[in-house]
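J.: First, the structure itself, so that you have it in front of you.
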Amino acid sequence: MRLNIKNETGRLKSVVLGQPNSLGPVPTLEESYDAKSYYSIEHNIYPKEEDIINEMNAFEAVLKKYDVEVLRPSIIKDYNQVFSRDVAFVIDDKMIISNVIADRADEQEAYKNVFEKVAWRKIINLPETAHIEGGDVIVWNDFLFIGTCFSEDYRNYKTARTNEYAIEILKEYFPKKRIIDLELKKNDKVPLEGILHLDCTFNPVGEDKCIIYKNGFVDESDYRLIIDIFGEENCFHINDEEMFEMFPNIFSISPEVVVSDKTFTRMNNHLRNEWGMTVEEIPYREISKMGGLLRCSTMPLVRE
């Protein structure tokens, strides 16, 4: 397979979609590793496996409607494998294997069938102390936007997934990219007060547009930089409640087609009526209760 990811919206040809089967029992509060899951467990609304299967089947059907090759990881018994974005990610023609948090370390074993399709020289294994997950990495042509946490309490946050060391290493591998690090607010227990990954607060769509949540960034200057790059008129701003529902985390099949949750009425109407996009609406409410949505569920491998 010839990997090719230059941006977030090029016509999708091949993708890994996460695995909804055999999720195991509902985690305890202590076992949760993101604020949205913590909230769902605490309020006794954690999703049922059958609902997650139905939602991911709907997603797969849309991908196949557009002739996308859909690969799946093998099943690990009693293990959450929904969010493939964080296991590995592709920049240009290179696949970076993430150093995920310890709670998810076994998950990468299920992707051997995918890794075997990639030439070994195109796979980058990071040093053990370089922490990064695909949800924090947004590829946008000459730019690499990377969400991170510079706090001295970094090691104490379960939701801090990408560190400064990993960013420095990516600068070495991709010297021609303009790498922009964006510090995200972190909170392990209150979803409205923290951001798990960059794609939960910022996500490009189309050729030159983006969805953005201003309050996800520690420093307003980071938010302002994105606005300057894309242009105010090309940015769709979401509010606190919409961030909680995970509006930014939709998925592009092409510059003209996005997959979105069917409940995202205000944004879906804007994408259609103001930006002329095709919005494929599917149910994804239950999966959102685990701290991720559509982009989180995918690992794009090839885009035109």
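The values are calculated or read from the model by the stated rules, or taken from the named source; none is laboratory data. All figures in this text were calculated on a predicted structure; none of them were measured in a lab. Quick reminder, even Gly has a Cβ in these numbers, built from the backbone with ideal geometry, and neighbours come from all protein chains shown. What goes into the accessible areas is simple: the full protein's heavy atoms, side chains included, and nothing from ligands, DNA or RNA. Shrake-Rupley method; radii C 1.70, N 1.55, O 1.52, S 1.80 Å.
J.: Taking amide H positions as placed 1.01 Å from N in the peptide plane, with prolines and chain starts having none, which residues 5 or more places from Tyr79, or on another chain, fall under 5 Å of its amide H?
T.: HN-HN under 5 Å from Tyr79: Leu23, Gly24.
J.: Can I ask one more? Mean separation of Cα pairs under 8 Å and 6+ residues apart, divided by the residue count of the chain: what relative contact order is that in percent?
T.: Relative contact order comes out at 27 percent.
J.: Hey, which lysines would be in cross-link range of Lys171, C-alpha to C-alpha under 21 Å, not counting anything within fewer than 8 residues on its own chain?
T.: Lys6, Lys94, Lys122
J.: Of (1) 15.4; (2) 16.2; (3) 13.8, which one was derived for mean projected area of the Cα convex hull in nm² from the structure shown?
T.: (3)
J.: For the chain, what is the charge dipole size about the Cα centre, in debye to the nearest 20, if Lys and Arg each add +1 at the Cβ and Asp and Glu each add -1 at the Cβ?
T.: In total the dipole reaches around 980 debye.
J.: Let's see if you can work this out: charge +1 on each Lys and Arg Cβ, -1 on each Asp and Glu Cβ, no other charges. What is the dipole magnitude of region 203-268 about its Cα centre, in debye to the nearest 20?
T.: 200
J.: Is there a quick way to get the dipole size of region 164-210? I mean about its Cα centre, with the Cβ of Lys and Arg at +1 and of Asp and Glu at -1; what is the value in debye to the nearest 20?
T.: 80
J.: Between Glu207 and Thr265, what's the calculated FRET efficiency when r is the beta-carbon distance and R0 is 30 Å? Round to 0.05.
T.: The pair Glu207/Thr265 has a calculated efficiency of 0.80.
J.: Could you tell me the calculated FRET efficiency between Arg121 and Leu71, based on Cβ-Cβ distance and R0 = 35 angstrom, to the nearest 0.05?
T.: The value I calculate is 0.95.
J.: Pop out the ³J(HN,Hα) list for region 135-150 in order, Karplus 6.51 cos²θ - 1.76 cosθ + 1.60 with θ = phi - 60°, rounded to Hz; leave Gly and Pro as x.
T.: x, 8, 10, 10, 8, 9, 6, 7, 9, 10, 8, 10, x, 8, 9, 9
J.: Can you tell which of Val302, Cys200, Val259 lies farthest toward the positive end of the dipole of the chain, using +1 and -1 charges on the Cβ of basic and acidic side chains (Lys, Arg; Asp, Glu)?
T.: About the Cα centre, the residue reaching furthest to the positive side is Val302.
J.: In sequence order, what are the phi-derived ³J(HN,Hα) couplings for region 197-207 according to the Karplus relation 6.51 cos²θ - 1.76 cosθ + 1.60 with θ = phi - 60°, rounded to whole Hz, with x for glycine and proline?
T.: 9, 4, 6, 8, 9, 7, 7, x, 9, x, 8
J.: If you don't mind, another one. So, for the chain, what is the accessible surface per residue at a probe of 1.4 Å, expressed in square angstrom?
T.: 43
J.: If amide H atoms are built 1.01 Å from N in the plane of the peptide, which residues on other chains or at least 5 residues away come under 5 Å of the amide H of Val16?
T.: For Val16, whose amide H was placed from the backbone, the distant partners under 5 Å are Leu71, Met299, Leu301.
J.: If I build a Gaussian network model for the chain, linking alpha-carbon pairs within less than 10 angstrom, which residue out of Glu256, Glu274, Glu245 has the largest mean-square fluctuation?
T.: Checking each option, the largest mean-square fluctuation is seen for Glu274.
J.: Amide H of Phe236: which non-local residues (sequence gap of 5 or more, or other chain) have their own amide H closer than 5 Å, using H built in the peptide plane?
T.: Cys210, Ile211, Ile212
J.: Taking only C-alpha pairs under 8 Å that are 6+ residues apart, what is the relative contact order of region 184-294 in percent?
T.: 23
J.: Take the Cβ-Cβ distance between Asn44 and Leu192 as r, set R0 to 22 Å, and report the resulting FRET efficiency rounded to the nearest 0.05.
T.: 0.70
J.: What percentage of all Cα-Cα pairs in region 21-126 are separated by more than 16 Å?
T.: 66
J.: So how far apart, in nm, are the two label points at Thr278 and Ile179 if each is 7 Å from Cα heading toward Cβ?
T.: For Thr278 paired with Ile179, the spin-label model returns 3.7 nm.
J.: Further question on the same structure: Which of Phe244, Leu182, Leu271 sits closest to the plus end of the dipole of the chain, meaning its Cα is farthest towards the positive end, when Lys and Arg get +1 and Asp and Glu get -1 on the C-beta?
T.: Leu271
J.: Select from Ser288, Gly134, Thr148 the residue farthest towards the positive end of the dipole of the chain; place +1 on Cβ of Lys and Arg, -1 on Cβ of Asp and Glu, and compute about the Cα centre.
T.: Gly134
J.: A further question follows. Just tell me, in residue order, which DSSP H segments of the chain are both 15 angstrom or longer along the helix axis (alpha-carbon based) and at least -1.0 in mean Kyte-Doolittle hydropathy.
T.: What comes out of the filter, once short or polar helices are dropped, is 49-65, 220-230.
J.: Place a label point 7 angstrom from the Cα of Glu256 along the Cα-to-Cβ direction, then list the residues of region 262-288 whose backbone nitrogen is under 13 Å away.
T.: Counting backbone N atoms under 13 Å from the label point, the list is 276-279.
J.: Straight-line reach from Lys13: which aspartates and glutamates fall under 16 Å, measuring Cα to Cα and dropping same-chain residues less than 8 apart?
T.: Partners within reach: Glu60, Asp67, Glu69, Asp92, Asp93, Glu256, Glu304.
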